[in-house]
Structure formats: C-alpha cells, structure tokens
Amino acid sequence: MAGIRKLLIANRGEIARRVIRSARDLGIRTVAVFSDADEDAPHVDEADEAVRLGPGPARESYLSLPRVMEAVRRSGADALHPGYGFLSENGDLARACADAGVCFVGPPEAAIRLMGDKVEAKRRMIEAGVPTAPGHVGSEQDGATLRAKAEEIGVPLLVKAVAGGGGRGMRVVRELSALPEALASARSEATNAFGRGDLFLERLVEGARHVEIQVFADRHGHVIHLGERECSAQRRHQKVIEEAPSPAVDETLRAAMGGAAVAAARAIDYVGAGTVEFLLDAEGRFYFLEMNTRLQVEHPVTELVTGLDLVALQLRVAEGEPLPLTQDELVMRGHAIEARIYAEDPYAAFAPQLGTIVAWRPRRGEGLRVDDGVRAGQVISPFYDSMIAKLVAHGPTRELARRRLVAAVRDGVLLGVGSNRSFLLELLEGEAFVEARITTDVIDRWLAESPPARPRPSARAWAAAAILSSDDGTAPRAGGAPWGWRSTGEAQWSLSLREGDELRSLRVRHEGDDRFVVRGAAGGDETVALRVESRDQGSIAIEHEGVRRHLAWARLDDGVALDEAGAAFTFVEPPPQGAVDEAGGGDGLVRAPIGGRVVSVAIAVGDEVEAGQVLLVLEAMKMEHRVPASIAGRVRRVAVAAGDQVSARQPLVELQGEDDEESKA
C-alpha cells in the first residue's frame, strides 16, 4: 500500500503526544482531536491540525465513533492511530476505518473482537495450547449459575468483566458469601466503563507476578516477541510501576513465555503491536490472562531496553512493510523502570484530585525519559483518567535505573493538584522493590497492614510558607532593607496558615540581612530561624541550621504551595472567624469528595442511616467512589439524582443528627 500521508490520532494527552513524535520523525502529518475540556491541551498545539469532537464527557467526544470518523473525513486523514484506551480496542472503529478506506494502525477487526471477549479469548488460547488458569468462561450470567461455578472453582477467585481492563470491572472474592455483592459491583462498573456488563470467573493465583510479553506481527507472516515487562507492582489490579526485563525471568523462561505469546498471536492471525499478559507463580508456571490488542501504556520500558521505536514500527507495519528484525536479532540492553504519576490522594483511598496545575517541571537528565500530556495552567478534569505523566529511567543495571527513577520522582515539581509522588517514593525505596520481591498482592497487603502515613511539612517548610505568604505580590525585594515583600514595612507580623487538617498561628520577625525568625513553625512557641538566600517566581533558597536548601513554590489564590523532597504541601490562610468551614461534614452536610457523575443513590428522604453507611456512588476518572454518611441520623434532603454531574465539594445529602432529633423531641 502507499505510505501514510496524514495520521489522525483518536486519543488525547501523553498518548497523542507520543504518537505525534514518531509520526513527525517519519515525515507524516498529524491531526489531533480534542474535547471542550482539552481545548488548551499540549497535544492540540503540537499536531499539524486539530478537530474538535464535542463536550468534555468522553462518551460525547473521544468515545463517540461517529464524531471520530467525521473528524477523519473533515481533516482528510488517510490513516488513524487509536492510541491506547478509549476506542483502541474497539472492533467497530477498525470496521469504520475499513469502510471509509482509511488505514487503521492496529490489528485486524476480527482479532480485536476475539481478544476483546475475554471468554472467547480464553477458549482460543486453550485450543492454541497456551497455559490458562482454571475458571468459568460460560455465557450463563445468572446468579445461581455463577454461584455454582464459583463453588467448583473455589476461593479465592476473581470476578472479571468480559470487556474490562485497567482493573475496572474486577473484584476479588475470598468468601462465597461476598459473591453477590462482587457480581453486582463489577457488573455496574463494567457497564458504566465499557457499555457491557458480562462477567466471568477465574481462580486467583496469589503470590504471583504479572509478566507480559510484547509481540509484533507484520502482514507477511512474521511474528516475534520483544521480551517481557514486569508489571507486578499493582494497586487494585491497576499497574503502578513497570520494568523491563523482569527480575524473575531468565533466558529459558523468556523463551518459553515468548513462544507462548507468539503462538497466541499466530492463533488469531494477528498484525501489529500486541501484548500477551501472564501470571507467573513462584514455581515458574505461567498462565494466560488476556491479550491487549494495542500498544500498552508501559511500552517505553521496552523501547529503552530494545532501542526500538514501537510507534514507528506500528506505522511501518500498517504501511505494509515487513518487520525490520528477526527474533534472533533482538538484543535487550540494560534495565528500564517506569512510574506513573497520578493526580490522586494515596492517603485518602487514592481519590482522584481535580484542579489546576500551577507548576509542572519534571526532572530531566541522563537515562531519564518523560512522557506527559499536561503543562502549567492546565485543569485536571473529572472526565478522564487522572494520569499526569510517566517517568521512565534506564541504566545498565536495575539498581541504577531505580536510583535514577527515585531522583526523577523526588526532584520533579508538581504543584496545584495532589499526586502520588510520595507514595511512589516509599514504594521504590522499600525493601520489597529494592530486592525485586514484588508480587501482585504486595502493595495491597502493605496498604492494609501498615499503610504509609501522610507526609507532613517540616518546620522549615512552615517557616518558608509563612514568609512567602507575607508577600503581597507587588513590592520588589530590596536587599539589605526591611523585608521588601511587606507593603506595610513592618518588622514583624502575625498570620495563621492551614496545611491539611493542621492549623498553626505564626509570628514572623524580620531581623535584617534577609534573616527571619518564625514563631510557631515547629509547633507551640518554638521558633525557626531562616535566611532567605534567593527567591524567584518558582524557587526559594533558604539556609536553615547551616544547610542551604531549594524549595519549589507557587502562589495560589488563598495561599502558597511548596514542594519539599517530593512531597507537595498547600498552605492556605483560613477564612475569617465565623465563616462556614467548607471542609466540614460533622454537621451532617455530605459533600462530593471529587467531581463526577452520580451513578446511584441508595437512600431517600426520611431514611435512617448509620455513620459510614454508603449513601450514593460517584463515577469519576473511570472509577466508582462510594460516598459515606458523615454522621448517624435521618436523611433530611437529597440534592442529587442518578445521572447528575456534580463538582467537587458540591452538597449531595443533608443529614439530621440523632442529637438534633432528640433536642427537638
């Protein structure tokens, strides 16, 4: 076929930017698509052309097949790359491209449909001789049948969505009594995320590793694998850290797993990039999980150890070229590790964090790669996945790659939205990861048995925040003169700052020569002495107890944000005394913890509820979030209904406490 001239990328964020880079290197013009929520996103600016799809919700934009194909028509693109996520594993998109005479940069429609049906995929793998875990893959979906099959399989088992992915539509069942709730919850989440609620059951292989094989096939009958990736560092079946090669795989096991993956691809006449996922137990036995008929989020670690550009390889295969190497020519060099930076709160059940990024400066350097899709000033919305970036480190050894990744996570700057950076640092520097003893259940067991504590700002961070908060933003710094950031010229002043749930009363005294003493920064009446060595719009250098440190910072509407050793803190001035405490809830007013869509409401006016009882379920960033009652009492008002879109901190339910009712009796 003729070469691709203009490529439309039916995706967003770092995915679209990644495809644009490789297409540009091959001399291919690119077309971005965007929703109203992404109008100012970097991928829109970087493409040669861009087409608006529709409103923010994915179903009305990126997941709308008619709108995507209309964008193809309007732009005149002769090829489409689906990225990963959204429509990337949608057989209808492949069919629509074929009908429109557009090159689909992906596998054949039949392969997508087959492997997208987890039940049929498992049947086909059994026929191909690929090892699979015990389970039930029947079409019967009634509760009685699934209960009977669960009893045959035994616990622990997994309830999995036929059309699932990314841990959504998946539940672990350890007691058969919990099966009905798991079925209902998985079915609801899968229906909302994928439009299909069919489920199947599979025996849970505990203490296993998640190892996947990257395969590539061309249109000339050549199929090879590009080695494995270790993806065992997972939380609730969602990958957190990925690396290549796997510390648990030697040459013999790699050949066996790679051979099984190639057999899987051949069994379905596969073309293009695909990933065959396996569970690997402690005895070296491996079992087929699923095949993803697309490029994976974690593909950069494979690129770094093989030296191959997988997106460019996809494009060349789509143009009809043969694979440029044979299996014997594959060489893997060094080690690569990837960490996913999410806008989420690891210390509040990993709730997605919404808001505006006020600073984003990732660390760059030797052996480091950053794949991101955001920039300062961009709003993290409730409509999409909350991933900010992928930080990838490469080195000749696993330990050097790990140390480089730790530095990248710690020294990058992300302010304005909460993130999982501190959590990642604890994980990367923990004994289990350092010694490569990570299995799929390690993180969840860690969180259940000894969850990490929320980082707290140091006394010097409180002191720096007090000094920065005293800047009126207009007066220039006057070296040697009284502190130029105070328009009043006072030598000392008082203020209160809140960081998280801690409120401190502070008193700042300027002692000249850029020296300050802050009372209350260490708690109580203790003082902290600082010298401000330098300060600009993004960084402040302070000397404390003879040590000079640089802290990244940014101004907020109601305070300042500071980054200290990989942890970001927000210091805000509390509202005047007597103002309503918006962070409350003990008064019975239940607010939305995040913005999203109301999936279901479990209560009605007049109902009696217990503290902690689930009142309703929100869907945001492809995940369901249960909203509990803040107090025990009676439901006085329900302000929302299923299907409503709500913003963070919007009132949802009003409860009348038991004490209030007794006082009125």
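Go through (1) crowded, with 22+ Cβ neighbours inside 10 Å; (2) assigned to a loop (DSSP other than H, G, I, E, B) and name the single condition A94 misses.
(2)
Is it true that some residue in segment 344-358 is aromatic (F, W, Y), out of contact with any strand residue (DSSP E or B) (no Cβ under 6 Å at 6 or more places or on another chain) and more than 21 Å from F86 (Cα to Cα)? Steps first, answer last, please.
Within segment 344-358, the subset aromatic (F, W, Y) is 347, 350.
Among the residues that remain, those that are also out of contact with any strand residue (DSSP E or B) (no Cβ under 6 Å at 6 or more places or on another chain) are: 347.
Still in the list and also more than 21 Å from F86 (Cα to Cα): 347.
So far as segment 344-358 goes, yes, one or more of its residues are aromatic (F, W, Y), out of contact with any strand residue (DSSP E or B) (no Cβ under 6 Å at 6 or more places or on another chain) and more than 21 Å from F86 (Cα to Cα).
Can you tell me which condition N90 does not meet? The list is (1) closer than 30 Å to E60 by Cβ; (2) assigned by TED's automatic domain parsing to the domain that holds R196; (3) among the polar types (S, T, N, Q), and all the others hold.
(2)
Being free of Cβ contacts under 8 Å to residues at least 60 places away in the same chain, of a type in the set (D, E) and within 23 Å of P362 (Cβ to Cβ), is that true of even one residue in segment 434-454?
Checked segment 434-454: no residue is free of Cβ contacts under 8 Å to residues at least 60 places away in the same chain, of a type in the set (D, E) and within 23 Å of P362 (Cβ to Cβ).
Would you confirm whether any residue within segment 313-325 is among the aliphatic types (A, V, I, L, M), at pLDDT below 95 and surrounded by fewer than 24 Cβ atoms within 10 Å (Cβ to Cβ)? Break it down stepwise before answering.
Taking segment 313-325 first, the residues among the aliphatic types (A, V, I, L, M) are 313, 315, 317-318, 323, 325.
Restricting the remaining residues to those that are at pLDDT below 95 gives none.
Among the residues of segment 313-325, not one is among the aliphatic types (A, V, I, L, M), at pLDDT below 95 and surrounded by fewer than 24 Cβ atoms within 10 Å (Cβ to Cβ), which makes the answer no.
Quick check on segment 286-293. Is at least one of its residues closer than 30 Å to I594 by Cβ, among the β-branched types (V, I, T) and not in a strand (DSSP E or B)?
Taking every residue of segment 286-293 in turn, none turns out to be closer than 30 Å to I594 by Cβ, among the β-branched types (V, I, T) and not in a strand (DSSP E or B).
Within segment 64-91, track down each residue that is small (G, A, S) and assigned to a loop (DSSP other than H, G, I, E, B). Give the steps one after another, and end with the answer.
At the first step, the residues of segment 64-91 found to be small (G, A, S) are 64, 71, 75-77, 79, 83, 85, 88, 91.
Result: S64, G76, A77, G83, G85, S88.
Could you pull out the residue among A436, A401, A389, A432 that is part of a strand (DSSP E or B) and within 24 Å of L304 (Cβ to Cβ)? Quick ask: steps written out before the conclusion?
Details: A436 fails: part of a strand (DSSP E or B); A401 fails: part of a strand (DSSP E or B); A432 fails: part of a strand (DSSP E or B).
Within the list A436, A401, A389, A432, the selection yields A389.
Would you mind telling me which numbered condition in (1) part of a loop (DSSP other than H, G, I, E, B); (2) surrounded by 17 or more Cβ atoms within 10 Å (Cβ to Cβ) A554 fails?
(1)
Considering A336, A351, which residue is in contact (Cβ under 8 Å) with a residue 24 or more places away in the chain, small (G, A, S) and more than 30 Å from F383 (Cα to Cα)?
Matching residue, one of A336, A351: A336.
Of everything in segment 162-189, what is at pLDDT below 85 and farther than 21 Å from A233 by Cα? Give them in sequence order.
V162, A163
Tally time: how many residues in segment 197-218 are buried (at least 22 other Cβ atoms within 10 Å of the Cβ), modelled with pLDDT of 95 or more and more than 25 Å from the chain's Cα centre (by Cα)?
Of the residues in segment 197-218, 2 are buried (at least 22 other Cβ atoms within 10 Å of the Cβ), modelled with pLDDT of 95 or more and more than 25 Å from the chain's Cα centre (by Cα).
Within segment 1-22, how many residues are closer than 27 Å to P55 by Cβ and outside any loop (DSSP other than H, G, I, E, B)?
To start, the set of residues in segment 1-22 that are closer than 27 Å to P55 by Cβ comprises 6-20.
Those still in the list that are outside any loop (DSSP other than H, G, I, E, B) too: 6-9, 13-20.
Within segment 1-22, residues that are closer than 27 Å to P55 by Cβ and outside any loop (DSSP other than H, G, I, E, B) number 12.
Looking only at segment 219-234, how many residues end up being in contact (Cβ under 8 Å) with a residue 60 or more places away in the chain and buried (at least 20 other Cβ atoms within 10 Å of the Cβ)?
10
Could you tell me whether G606 is in contact with a strand residue (DSSP E or B) (Cβ under 9 Å, 6 or more places away or on another chain), loosely packed, with under 15 Cβ neighbours inside 10 Å, over 23 Å from F194 (Cβ atoms) and at pLDDT below 90? Give the steps one after another, and end with the answer.
On the way: in contact with a strand residue (DSSP E or B) (Cβ under 9 Å, 6 or more places away or on another chain): yes; loosely packed, with under 15 Cβ neighbours inside 10 Å: yes; over 23 Å from F194 (Cβ atoms): yes; at pLDDT below 90: no.
No; evaluated as a whole, the condition is false for this residue.
Counting residues that are among the polar types (S, T, N, Q) and either over 30 Å from R5 (Cα atoms) or assigned by TED's automatic domain parsing to the domain that holds R73 (or both), which helices (runs of 4 or more DSSP H) fully inside segment 97-201 reach at least 1? Talk me through it step by step, then tell me what you get.
Numbers: elements: 109-116, 118-127, 143-153, 179-194.
Of the helices (runs of 4 or more DSSP H) lying wholly inside segment 97-201, those with at least 1 residues that are among the polar types (S, T, N, Q) and either over 30 Å from R5 (Cα atoms) or assigned by TED's automatic domain parsing to the domain that holds R73 (or both) span 143-153, 179-194.
The values are calculated or read from the model by the stated rules, or taken from the named source; none is laboratory data. This is a predicted model, so every value here is computed, not measured. FYI the Cβ positions are ideal-geometry reconstructions off the backbone, even for glycines, and counts take in every protein chain you see.
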